[in-house]
Amino acid sequence: MFGLFGSSATNATGGTIAAMVQNLPHAVLGTPIDAEPGPGEAEALFGCGCFWGAEKGFWRLPGVITTAVGYAGGSLADPTYNQVCSGRTGHAEVVRVVWEANRISFADLLKLFWECHDPTQGDRQGNDRGSQYRSAIYVNDPALLDLAEASRSTYQAALAEAGYGRITTELRADVPFHFAEPYHQQYLAKPGSRPYCSAQPSGVRLGAFPGATYLLPAHIWDSYDWSVSHCVLRGDNAPIALC
């Protein structure tokens, strides 16, 4: 089982893709991308447009144990990339993040999530169009869902003040995760990859919100300059140093 999302390496992806990624080491962090959360660890799924760029944003944060890209939120039990790209499976491209709760908080992850893309664009992100590129957060803990909802309300107010419209981000619990094919995993860290990120960040920052406890120091966020087009493509692949 992968945490509490209800997916297993043998039945969540029909066995084929899951077998290919079983114990596959993260191209940057070195940890198995299918690692289950242990004591003091947690996981969540984030959809922020094309998962190539989104995954890099998350794997660079201190305290993240592993990341993987995949599909979630749809009805097809054994999705492939081509099927998801058709827009007919109901799945979104997502990043699975597993983290150490005493080093990085869910609030920190939510800050990156909201700031790294424009959550008001509906079924698209930048030039990528289709329901597979929708904004989404899927969690396996009611407390995390409450925090996600609180952060959404706070960020909505900040966006409205900046002239943006309604947030369209889908928030749900207990959504099965399906691994994407191995060549998609940590794509931007691999030799010969095509630098690409569809996200169009608003430039609006997420500050304090009810229940939030940020653990990362302020300088971590200096490594993300959302005023620069495709910022995530310009940064180093290595995790950001704490000092």
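Here, each number is a calculation from the coordinates, and none is a lab measurement. Only a predicted model underlies this, so the values are computations on that prediction, with no experimental measurement involved. Neighbour counts are summed over all protein chains in view; Cβ atoms, including those assigned to glycine, are modelled from backbone coordinates with ideal geometry.
Give me a count of the residues in the stretch 64-86 that are farther than 14 Å from residue 181 by Cβ, touching a residue at least 24 places away in the same chain (Cβ under 8 Å) and within 19 Å of the chain's Cα centre (by Cα). So that I can check it myself, show each step before the final result.
Initially, the stretch 64-86 is screened for residues farther than 14 Å from residue 181 by Cβ, giving 64-67, 72-77, 86.
From the residues that got through so far, the ones that are touching a residue at least 24 places away in the same chain (Cβ under 8 Å) too are 64-67, 72-73, 77.
Then keep just the ones that are within 19 Å of the chain's Cα centre (by Cα); that gives 64-67, 72-73.
Qualifying residue count for the region: 6.
With the requirement that a residue be under 21 Å from residue 83 (Cα atoms), among the small types (Gly, Ala, Ser) and over 9 Å from the mean Cα position of the chain (by Cα), what does the stretch 50-63 give you?
First pass over the stretch 50-63, keeping only residues under 21 Å from residue 83 (Cα atoms): 50-55.
Then drop every residue that is not among the small types (Gly, Ala, Ser), which leaves 53-54.
53, the sole residue that qualifies.
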Q: Looking at (1) out of contact with any Leu (no Cβ under 7 Å at 6 or more places or on another chain); (2) without any contact (Cβ under 8 Å) to a residue 40 or more places away in the chain, find the lone condition where residue 145 falls short.
A: (1)
(Q) Residue under question is residue 196, and the condition is that it be aromatic (Phe, Trp, Tyr) and surrounded by 13 or more Cβ atoms within 10 Å (Cβ to Cβ); does it hold? (A) yes
Q.
Out of 133, 164, 183, I need the residue that is without any contact (Cβ under 8 Å) to a residue 12 or more places away in the chain and either more than 17 Å from the chain's Cα centre (by Cα) or under 21 Å from residue 86 (Cβ atoms) (or both). Which one?
A. 183
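Looking at residue 103, is it surrounded by 15 or more Cβ atoms within 10 Å (Cβ to Cβ), of a type in the set (Lys, Arg) and either farther than 29 Å from residue 84 by Cα or free of Cβ contacts under 8 Å to residues at least 24 places away in the same chain (or both)? Even if it seems obvious, please write down each step before you answer.
Working: surrounded by 15 or more Cβ atoms within 10 Å (Cβ to Cβ): yes; of a type in the set (Lys, Arg): yes; either farther than 29 Å from residue 84 by Cα or free of Cβ contacts under 8 Å to residues at least 24 places away in the same chain (or both): yes.
When the stated conditions are applied, residue 103 passes them.
Taking the condition of being part of a strand (DSSP E or B) and either in contact with a Phe, Trp or Tyr (Cβ under 7 Å, 6 or more places away or on another chain) or of a type in the set (D, E, K, R) (or both), how many residues in the stretch 50-76 meet it? Spell out the reasoning first.
Kept after step one, since they are part of a strand (DSSP E or B), are these residues of the stretch 50-76: 64-72.
Pick out the ones that are also either in contact with a Phe, Trp or Tyr (Cβ under 7 Å, 6 or more places away or on another chain) or of a type in the set (D, E, K, R) (or both) and you get 64-65, 67-70, 72.
Within the stretch 50-76, residues that are part of a strand (DSSP E or B) and either in contact with a Phe, Trp or Tyr (Cβ under 7 Å, 6 or more places away or on another chain) or of a type in the set (D, E, K, R) (or both) number 7.
Which is in contact with a Cys (Cβ under 9 Å, 6 or more places away or on another chain) and buried (at least 20 other Cβ atoms within 10 Å of the Cβ), of 185, 125?
Of the residues listed, the single one that is in contact with a Cys (Cβ under 9 Å, 6 or more places away or on another chain) and buried (at least 20 other Cβ atoms within 10 Å of the Cβ) is 125.
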Q. Only one of these conditions is not met by residue 138: (1) assigned to a strand (DSSP E or B); (2) over 21 Å from residue 209 (Cα atoms). Which number is it?
A. (2)
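Of all the residues that make up the stretch 44-100, how many are of a type in the set (Asp, Glu) and either more than 17 Å from residue 125 (Cα to Cα) or surrounded by fewer than 24 Cβ atoms within 10 Å (Cβ to Cβ) (or both)?
First, pick out the residues of the stretch 44-100 that are of a type in the set (Asp, Glu): 55, 78, 93, 100.
Filter once more, so that each one left must be either more than 17 Å from residue 125 (Cα to Cα) or surrounded by fewer than 24 Cβ atoms within 10 Å (Cβ to Cβ) (or both): 78, 100.
Of the residues in the stretch 44-100, 2 are of a type in the set (Asp, Glu) and either more than 17 Å from residue 125 (Cα to Cα) or surrounded by fewer than 24 Cβ atoms within 10 Å (Cβ to Cβ) (or both).
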Q. What pairs can you find where one residue is in the stretch 189-202 and in contact (Cβ under 8 Å) with a residue 60 or more places away in the chain, the other is charged (D, E, K, R) and assigned to a loop (DSSP other than H, G, I, E, B), and their Cβ atoms are less than 9 Å apart, with a gap of 6+ or different chains?
A. 199/118; 200/118; 201/118; 202/118
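Any chance you could count how many residues in the stretch 226-243 are farther than 30 Å from residue 143 by Cα and assigned to a loop (DSSP other than H, G, I, E, B)? Don't jump to the end; show me each part of the working.
Here is the first cut: in the stretch 226-243, the ones farther than 30 Å from residue 143 by Cα are 227-231, 233-238, 243.
With assigned to a loop (DSSP other than H, G, I, E, B) added as a condition, the list becomes 227-230, 235-238, 243.
So the answer is 9.
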Q) When residues of the stretch 205-243 are filtered for being closer than 18 Å to residue 119 by Cα, surrounded by fewer than 18 Cβ atoms within 10 Å (Cβ to Cβ) and in contact (Cβ under 8 Å) with a residue 40 or more places away in the chain, how many remain? A) 3
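Could you list, in sequence order, the residues of the stretch 148-173 that are closer than 26 Å to residue 34 by Cα and either crowded, with 20+ Cβ neighbours inside 10 Å or touching a Leu at 6+ places or on another chain (Cβ under 7 Å) (or both)?
Here is the first cut: in the stretch 148-173, the ones closer than 26 Å to residue 34 by Cα are 148, 169-173.
The answer is 148, 169, 171, 173.
Scan 171, 206, 216, 188 and give me the residue that is farther than 19 Å from residue 82 by Cα, touching an Asp or Glu at 6+ places or on another chain (Cβ under 8 Å) and in a helix (DSSP H, G or I).
Numbers: 171 fails: in a helix (DSSP H, G or I); 206 fails: in a helix (DSSP H, G or I); 216 fails: in a helix (DSSP H, G or I).
It is 188.
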